[in-house]
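Asker: Mind looking over this structure? Questions follow.
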2 protein chains.
Amino acid sequence: MPKVGMKDARRQQLIDATMDSIAELGMQNTTIVSISKRAGMSSGIISHYFGGKQGLIEAALRHLLDLLGTELRERMARTGSSPAQRLDCIIEANFSDFQRSALAAKTWLSFWARSMHEPGLQRLQQINKARLYSNLRYSFAEVLPASQATTAAHQAAAMIDGFWLRSALSQDPAASFEASEHFCKDFVHKVLAGAST
Amino acid sequence: MPKVGMKDARRQQLIDATMDSIAELGMQNTTIVSISKRAGMSSGIISHYFGGKQGLIEAALRHLLDLLGTELRERMARTGSSPAQRLDCIIEANFSDFQRSALAAKTWLSFWARSMHEPGLQRLQQINKARLYSNLRYSFAEVLPASQATTAAHQAAAMIDGFWLRSALSQDPAASFEASEHFCKDFVHKVLAGAST
DNA sequence: TTATATTGATTGAACGTTCAATCAATAATG
DNA sequence: CATTATTGATTGAACGTTCAATCAATATAA
């Protein structure tokens, strides 16, 4: 029999190559050839492992969401339990080195746009959107009354997404992400400070 | 001679048809046939008036930016001159009926994603991004010290874009836009209230 | 007014290109 | 040897662009 355990390795290589291609060429110009070439494999392999280009695209998004979720979980385990610490942690996870890489940023934005017209991707985005809000809401609610926590969580979630979008499109993404993280924390801290007055 | 004055009318019809098609099918599935069919014209007319599909896409984005700019200017002329009034006005313009329509929202997001890999579109987006920040910054600076005004303007701009993005992808865009406008104003008002303490 | 000439807006078929998917052939493994 | 993994040439559909032909609207002439 052929080498065993290749399946997962090949799938991961193809997913990485997909993000490389999207980051470099854009979703528009990413083809099964541009992906398979980057992965050092042939075009036919994509249908073999993912059933087709569409399946690979969805798997790549799922992988990005997994990374984001894992990043958050690991950081949360390492941080303190105060609302301020946990909120900082959520922000940091959303602006972590990986997330702020041009590769992830461009891939992410491409998925966002495409998810408008593809139910499979849309469902994944909705889950992620809800997760960010829910995490923020939980920590705010430990300090603020319910309605204020809801407002703050919505505002913080939108601010994170907005900064993220603006940074991804920025001329200097690295510097922009850096500043964004600071601005988001500033907002959260002011909201928490206002709670005790 | 052929009917005169058709040029501008036809161009506008094609731009409208382009946004219809992008809203319905997505940028991905928008073709010169899907556009020209919606405009009730033949496929060749696009090259005749815009030099090609790419030219039409850019013209459509320029049109969206014009509408947003005009909307803002007209509202500004009608509103008071206090910073609070002007900031509210900026928010309202960004969440106006036209902007919040599914058609504009989906078209806008498609342009955002595409602009990452097309310099022509990217330039237009940068100008628009800078305009929103600059308008916000100007009004905040009338009440806040420079560095605080800068922070508030960045935060407000990101919040507007973020809410806009989340609403466009929402299951119920109309309700989401409505709430977003409220949340943005709430943020701005709290920032201004904090200035007098 | 009537008839003819002129204009350029508009059409749609043809063309070359690109792409995702397929599959017969081959390589590699146990 | 038997089995599976992998290749890459091939296919057919879909796309944007082009352009000769058509047509309606106007200008001009008689």
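The values are calculated or read from the model by the stated rules, or taken from the named source; none is laboratory data. Source: prediction; values computed, not measured. With ideal geometry, Cβ positions are generated from the backbone for all residues, glycine too; neighbour counts draw on all protein chains shown.
Asker: Scan (1) near DNA strand D (Cβ under 9 Å from one of its atoms); (2) surrounded by 13 or more Cβ atoms within 10 Å (Cβ to Cβ); (3) within 14 Å of chain A (Cβ to nearest Cβ) for the single condition residue B:29 breaks and write down its number.
Answerer: The failed condition is (2).
Asker: Looking at this structure, is residue A:107 of a type in the set (Val, Ile, Thr) and modelled with pLDDT under 95?
Answerer: Judged against the criteria, residue A:107 is a match.
Asker: Restricting to segment B:183-193, name every residue that is free of Cβ contacts under 8 Å to residues at least 24 places away in the same chain and touching a helix residue (DSSP H, G or I) at 6+ places or on another chain (Cβ under 9 Å).
Answerer: Hits for segment B:183-193 are B:186, B:190.
Asker: Could you grab the pairs with beta carbons closer than 6 Å, sequence gap of 6+ or different chains, first residue in segment A:143-169 and closer than 17 Å to residue A:102 by Cα, second one assigned to a helix (DSSP H, G or I) and hydroxyl-bearing (Ser, Thr, Tyr)?
Answerer: Listed by first residue and then by second, the contacts come to A:163/A:180; A:167/A:176; A:167/A:180.
Asker: Sticking with this structure for a sec: Give me the pairs: first residue in segment B:1-12 and closer than 19 Å to residue B:46 by Cβ and modelled with pLDDT of 85 or more, second residue within 14 Å of DNA strand D (Cβ to nearest atom) and assigned to a loop (DSSP other than H, G, I, E, B), beta-carbon distance under 9 Å, and six or more apart or on different chains, which are they?
Answerer: Partner pairs satisfying both residue conditions: B:10/B:41.
Asker: Now for a different question. Any residue at all in segment B:59-68 that's within 9 Å of DNA strand D (Cβ to nearest atom) and within 14 Å of another protein chain (Cβ to nearest Cβ)?
Answerer: Looking for residues that are within 9 Å of DNA strand D (Cβ to nearest atom) and within 14 Å of another protein chain (Cβ to nearest Cβ), one finds none in segment B:59-68, hence no.
Asker: Tally the residues that are within 25 Å of residue A:110 (Cβ to Cβ) and within 12 Å of DNA strand C (Cβ to nearest atom), restricting the search to segment B:1-33.
Answerer: The qualifying residues number 5.
Per-residue answers, yes or no, for (1) within 12 Å of DNA strand C (Cβ to nearest atom); (2) surrounded by 13 or more Cβ atoms within 10 Å (Cβ to Cβ); (3) within 16 Å of residue B:135 (Cα to Cα); (4) within 22 Å of the chain's Cα centre (by Cα):
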residue: B:35; (1), (2), (3), (4): yes, yes, no, yes
residue: B:38; (1), (2), (3), (4): no, yes, no, no
residue: B:42; (1), (2), (3), (4): yes, no, no, no
residue: B:60; (1), (2), (3), (4): no, yes, no, yes
residue: B:68; (1), (2), (3), (4): no, yes, yes, yes
residue: B:82; (1), (2), (3), (4): no, yes, yes, no
residue: B:88; (1), (2), (3), (4): no, yes, yes, yes
residue: B:96; (1), (2), (3), (4): no, yes, no, yes
residue: B:108; (1), (2), (3), (4): no, yes, no, yes
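Asker: Sort through A:73, A:100 and tell me the only one that's in contact (Cβ under 8 Å) with a residue 24 or more places away in the chain, under 19 Å from the mean Cα position of the chain (by Cα) and away from DNA strand D (no atom under 16 Å from the Cβ).
Answerer: A:100
For (1) touching a helix residue (DSSP H, G or I) at 6+ places or on another chain (Cβ under 8 Å); (2) closer than 25 Å to residue A:176 by Cα; (3) small (Gly, Ala, Ser), each residue gets a yes or a no:
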| position | (1), (2), (3) |
| --- | --- |
| A:86 | yes, yes, no |
| A:95 | yes, yes, no |
| A:119 | no, no, no |
| A:122 | yes, no, no |
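Asker: OK, next. Output the helices (runs of 4 or more DSSP H) that fall wholly within segment B:87-197 and possess 1 or more residues being more than 30 Å from residue A:21 (Cα to Cα) and within 7 Å of chain A (Cβ to nearest Cβ), or say none.
Answerer: B:146-168, B:173-195
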